[in-house]
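The structure under discussion appears below in the form of structure tokens.
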Amino acid sequence: MSQRERVLIYLKTNGSITALDAVKDLGIIDLAGRVRDLRAMGHEIKSVPETVKNRFGEPCRIVRYTL
């Protein structure tokens, strides 16, 4: 199974994915690249910016991808 397929199945199953989810659950380092590939294939994937706290309690920005 390709990384693109894994990301698409994850999105359909879980509703969204972040870069941390991709690394932990799928072993994918370049989530943005796989999302770019899927968009080029015609899949409508939205980018939703979020602010979360890192392990030091500091705010940082991430992107959550959704279908």
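The values are calculated or read from the model by the stated rules, or taken from the named source; none is laboratory data. Keep in mind the model is a prediction, meaning the values are calculated, not measured. Positions of Cβ are backbone-derived with ideal geometry, glycine not excepted, and every protein chain shown enters the neighbour counts. Surface accessibility is based on the protein's heavy atoms, side chains included, excluding ligands, DNA and RNA. Shrake-Rupley method; radii C 1.70, N 1.55, O 1.52, S 1.80 Å.
Of note:
- Solvent exposure of the chain amounts to 69 Å² per residue of accessible area, where only protein heavy atoms count and the probe is 1.4 Å.
- Candidates per trypsin sites (Lys or Arg not before Pro) in the chain, loop by DSSP, up to 16 other Cβ within 10 Å: R55
- Once the Cα-Cα distance is subtracted from the 0.36 nm per residue extended length, the R36 to C60 segment shows a gain of 6.4 nm.
- Relative to the dominant Cα principal axis of the chain, helix 31-40 is inclined by about 40°.
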